[in-house]
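The values are calculated or read from the model by the stated rules, or taken from the named source; none is laboratory data. Nothing here was measured: the structure is a model prediction, and the numbers come from that model. All Cβ positions, even for glycine, are placed from backbone atoms using ideal geometry, and neighbour counts span all protein chains on display.
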Amino acid sequence: MAEQTKTISREKTIVRTGIIGIIANILLASFKALIGVAVHSTAMVLDAVNNFSDVLSSVVAIIGTKIASKKPDYKHPLGHGRVEYLAQMIIAALILYAGITALWESVQKIIYPVEAEHSALSLTVISVAIAVKIFLGVFVKGQGKKVKSDLLISSGTDALFDAILSAAVLISAVILLIFKFNIEAYVSVIISLFILKAGFEIIKEAVDDMVGHRVEAEYTKKVKESVLSFDEVYGAYDLVLHNYGPDKYLGSLHIEVDDTMTADKIDALTRCITAKVYQDTGIFITAIGLYSRNSSNEKLMHMRDEIEKLVVDHKHIKQIHGFYVDEENKRITFDVVVDFDEKDRAGLVAHITDDVKNALPEYEIVVALDSDISDQ
């Protein structure tokens, strides 16, 4: 129930913010377009076009959020949260279209120039637009951070960026009035390039989210802090988090516990861990694996320290964990985390296995390769 309430609140915030953005951008775009046409200012008209694209972006953001907030169903048991990333792609496409159109018109104006006729009214409109865009950008971006919405954060950043572009138009207009030198077409080219840059950056962010990227350290740190708050847990490793929409993660991990723990105690512990992690972070832990720890033999614990020193001395080894010695069968098992700079990962593991085998020839050595998936 708490999760559903949080989702509804987030949706309302995004929709409300989007509506404010739509109203503000329609008013700005209309005034800029009218004044731009009246004074023959290409830069102001293009700035107005950019504002109209922001209106469409807000509409897409609202629709995308509405769809993404739908409840899970049979076909989509993990919800529809990733629709927001698709909405980001659509917004990026709109921005790119506006940028390409603006660039074409700007080049045409350089080849076939039209003299702009700015007035006090046009300068006032631009100045007001700058102030409104700064306020809108700060507000929308702040709301996006509050509800962890990349859609709103992108929209707010774009609005702040628009304020800079409008300032460039204002400066070019002042230069024209004072020095009688028209640079508006060239300013329009710069505006167009910045619009294109913003579009490509949003595409990159959306693609990263859809492909899957490294989870931010703040998430992994919070999860591990929550898990390690239990006295029975001596380590938390192999944390894998899967993203199913903004701020919605499902994950799994391994914990290290004493080899003397019984199944009923482990069952109770893992249930408590799952509940606490969700309470502390909002992340669903779907599976918890176990590493057994030699807890009753000082000699074996000392052996672990020595092997760890030997292993981490190798380049590109970030961590050793899951260490266990089976004295009865004379077998040592552990995992090594290898960073992505290592080209021959299998070769490195084989080399480590040989080194440990040479140090402890009476034992069978079993080394598992782990990737550097999350911050350790």
Where A98 falls short, out of the listed (1) surrounded by 21 or more Cβ atoms within 10 Å (Cβ to Cβ); (2) in contact with a Gly (Cβ under 7 Å, 6 or more places away or on another chain): (2)
Some residue of region 296-311 being out of contact with any Phe, Trp or Tyr (no Cβ under 8 Å at 6 or more places or on another chain), small (G, A, S), surrounded by fewer than 16 Cβ atoms within 10 Å (Cβ to Cβ) and not in a helix (DSSP H, G or I): yes
Only one of D150, D162 that is closer than 20 Å to S30 by Cβ, of a type in the set (D, E, K, R) and in contact with a helix residue (DSSP H, G or I) (Cβ under 7 Å, 6 or more places away or on another chain): D162
Given (1) at negative phi; (2) touching a residue at least 40 places away in the same chain (Cβ under 8 Å), index of the condition K148 fails: (1)
Unmet requirement for E218, which otherwise passes all of (1) in contact (Cβ under 8 Å) with a residue 12 or more places away in the chain; (2) surrounded by fewer than 21 Cβ atoms within 10 Å (Cβ to Cβ); (3) in a helix (DSSP H, G or I): (1)
Any hit, region 135-143, residues being closer than 25 Å to S30 by Cβ and touching a Phe, Trp or Tyr at 6+ places or on another chain (Cβ under 7 Å): no
Search result, residues across region 312-328 that are of a type in the set (D, E) and either surrounded by 13 or more Cβ atoms within 10 Å (Cβ to Cβ) or not assigned by TED's automatic domain parsing to the domain that holds D238 (or both): D326
Subset tally (residues that are more than 19 Å from I23 (Cβ to Cβ) and assigned to a helix (DSSP H, G or I)) for region 125-153: 7
Within region 239-258, considering residues that are modelled with pLDDT under 90 and either acidic (D, E) or not in a strand (DSSP E or B) (or both), the one nearest to D150 (Cα to Cα): P246
Only one of R331, R345, R293 that is basic (K, R), loosely packed, with under 15 Cβ neighbours inside 10 Å and within 23 Å of H254 (Cα to Cα): R331
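A quick yes/no check of all residues on (1) buried (at least 17 other Cβ atoms within 10 Å of the Cβ); (2) over 30 Å from D355 (Cβ atoms); (3) free of Cβ contacts under 8 Å to residues at least 24 places away in the same chain; (4) not aromatic (F, W, Y):
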| residue | (1), (2), (3), (4) |
| --- | --- |
| V223 | yes, yes, no, yes |
| E232 | no, yes, no, yes |
| L241 | yes, yes, no, yes |
| V257 | yes, no, no, yes |
| T270 | yes, yes, yes, yes |
